[in-house]
Every structure is written in C-alpha cells, then in structure tokens.
1. Suppose we filter segment 12-38 for residues that are over 16 Å from Leu223 (Cβ atoms), open to solvent by less than 40 Å² (accessible area, probe 1.4 Å) and part of a strand (DSSP E or B); how many remain?
2. Looking at segment 170-219, which of its residues are more than 19 Å from Arg158 (Cα to Cα) and of a type in the set (Ser, Thr, Tyr)?
3. Yes or no: Cys76 open to solvent by less than 10 Å² (accessible area, probe 1.4 Å), more than 30 Å from Leu181 (Cβ to Cβ) and modelled with pLDDT of 95 or more?
4. Is it the case that Thr140 is in contact (Cβ under 8 Å) with a residue 60 or more places away in the chain, touching a Pro at 6+ places or on another chain (Cβ under 6 Å) and either β-branched (Val, Ile, Thr) or farther than 26 Å from Ala68 by Cα (or both)?
5. Going through segment 216-231 one residue at a time, which ones are open to solvent by 50 Å² or more (accessible area, probe 1.4 Å) and either touching a Cys at 6+ places or on another chain (Cβ under 8 Å) or modelled with pLDDT of 95 or more (or both)?
6. Are there any pairs, at least 6 apart or on different chains, whose C-beta atoms fall under 6 Å, with the first in segment 45-67 and free of Cβ contacts under 8 Å to residues at least 60 places away in the same chain and the second surrounded by fewer than 22 Cβ atoms within 10 Å (Cβ to Cβ) and among the basic types (Lys, Arg), and if so, which?
7. Which of the residues belonging to segment 52-99 are among the aliphatic types (A, V, I, L, M), in contact with a strand residue (DSSP E or B) (Cβ under 8 Å, 6 or more places away or on another chain) and assigned to a loop (DSSP other than H, G, I, E, B)?
8. Just need a number here: residues in segment 40-59 that are open to solvent by 40 Å² or more (accessible area, probe 1.4 Å) and either in contact with an Asp or Glu (Cβ under 7 Å, 6 or more places away or on another chain) or of a type in the set (Val, Ile, Thr) (or both).
Amino acid sequence: MSPLILITRPADAAKAFADTVRAELGPRADICIAPLLETQHLTDLPDLTRYPTLIFTSANAVASFAQATSARDFTCYAVGRATAEKALDCGLSPRVGPGTGRELATRIRHDAPATPCLHLRGDHIAFDIARHLSSAGIETAEATVYRQVAVPLPDDARARIAQAETVIAPVFSPRSAQLLLDALPNGTNLHIAAISDAAAGVFAPENAARIEVAQSPDRQAMLACVATLWSQANRLEGSTGPQ
C-alpha cells in the first residue's frame, strides 16, 4: 500500500500543493486534502497613505490587501518566493526576502526603506517583524488582514488515515503542526516534512516515526522533503511486504 500524503493547509493552498506533489510523484501518489485551518480575509485596512513601505510575510496577506484596495504605489517586501509571486500577480513589485521573517527583517534593516513601514499579517505570526524593526529604529506598524480559524479533521480523512500504513504530513508552521498532532488518532505511523525547526519541534520522538526538515522554508524544498519521505516509505513497505 502506498503511503498516504496528508495535506492539511487551508483549502486553496492545500490544492495547489497537492497538484505540485502529484506532478512530482505521479499517479501512484495517494493524496488526502484535509484542511485544519480556514482562511478568513479581512478588508478593513488602515490609512495606507501614511505608509510608503509595505511588508508581506504570507501570500494570504497579499490576497487580503489586493481585495481591499486598488492602490499599488508602494515599496513592497515579500518574505519569500511564494509570497512574491502572489504580490506580482496582484500588480506589486516586491523585493524578495530569503524565506523567513527574521531574515527579511535583516534585509529591510540593510535597505533602510522610507518609513513608516506597515506589516500586513495574519492573526498568528511566528516572528514579530514590526516590533523587531521598530526596536532597530525603523518605524513599523502592523495590521491584521486575515484570520486562520481551526476546523476539525473531516471524517473521511480520519477513515483514510486509519487505513494507511504510513501517513506523510507536510507542516508549514508550528501552529499547523500542533493542530495536526492534536487531530490525529493515537498510533498513526506519522512521517513529518517540516518547513522549519520550529515546526518540527512540535513533535516529540514518540509522536512521529520520522521527522525531516526542509533545506529552506519554501514550497520547492517542502516538495523535495515530501518526495524523499515518500520514496523511503515505499522502499520500506516494499521490503516488509509479501515475498
């Protein structure tokens, strides 16, 4: 039996990542989309005329911004490639960061853009870039432009997990990692592809049979991480199957 790849990102992001995984692994890939978060976009922005520089640390924040206003004349920073692609699609011209909020803050401090800056963010963040930049002398405000609300694991996904010999789960944040851990039944043979050490750190050794951390915090590295775990699981199941 091929391992089950369980994708728990919000629906649109889950489908996009599933398509990428399927294109990489082919028709043998058994993929289950089971969002544990639902994105709610908020369109009540602050007065943007006060902020010459915008900072985006997620594609969801870009989507909320684009829904709320047609203004595009800003210096714009995006945390990584996926967020930058979304910003480009929305008519912005982003300066692309290395992939994490902390690294983006270093880039912004080096560039010293026009201030005040505005960080457009979700209701949960891993790194407080506004506070970090402000403490470094770069005045930065923040505005919450989307929420991600936890939702239960669907019954059909729970049934597929119960039947799977191995479950491979990519996790893209510490919060989504914790939601996954809380949702899965005891005894799941869980193999984790984590976007960061922080996301991986949610899982104790007894919670996961394997934990692999992506080489960089981006979609392509996560895809490579999932592919590695999938190949390893297929080899292992093949070696322990009927002879």
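The values are calculated or read from the model by the stated rules, or taken from the named source; none is laboratory data. Because the structure is a prediction, the values reported are computed rather than measured. Please note: Cβ atoms are built from the backbone with ideal geometry, for glycine as well, and neighbour counts cover all protein chains shown. Ligands, DNA and RNA are stripped out before the accessible areas are found, and what is left, the full protein with its side chains, is counted by its heavy atoms. Shrake-Rupley method; radii C 1.70, N 1.55, O 1.52, S 1.80 Å.
1. So the count comes out to 2.
2. Ser173, Ser196, Ser216
3. On the way: open to solvent by less than 10 Å² (accessible area, probe 1.4 Å): yes; more than 30 Å from Leu181 (Cβ to Cβ): yes; modelled with pLDDT of 95 or more: yes.
In short, yes.
4. Values: in contact (Cβ under 8 Å) with a residue 60 or more places away in the chain: yes; touching a Pro at 6+ places or on another chain (Cβ under 6 Å): no; either β-branched (Val, Ile, Thr) or farther than 26 Å from Ala68 by Cα (or both): yes.
For Thr140, the condition - in contact (Cβ under 8 Å) with a residue 60 or more places away in the chain, touching a Pro at 6+ places or on another chain (Cβ under 6 Å) and either β-branched (Val, Ile, Thr) or farther than 26 Å from Ala68 by Cα (or both) - is not met.
5. Within segment 216-231, the first condition is being open to solvent by 50 Å² or more (accessible area, probe 1.4 Å), and the residues that meet it are 219-220, 224, 228.
Of everything in segment 216-231, those that are open to solvent by 50 Å² or more (accessible area, probe 1.4 Å) and either touching a Cys at 6+ places or on another chain (Cβ under 8 Å) or modelled with pLDDT of 95 or more (or both) turn out to be Ala224, Thr228.
6. Listed by first residue and then by second, the contacts come to Ala59/Lys86; Val62/Lys86.
7. Val79, Leu92
8. The number of residues fulfilling the criteria is 3.
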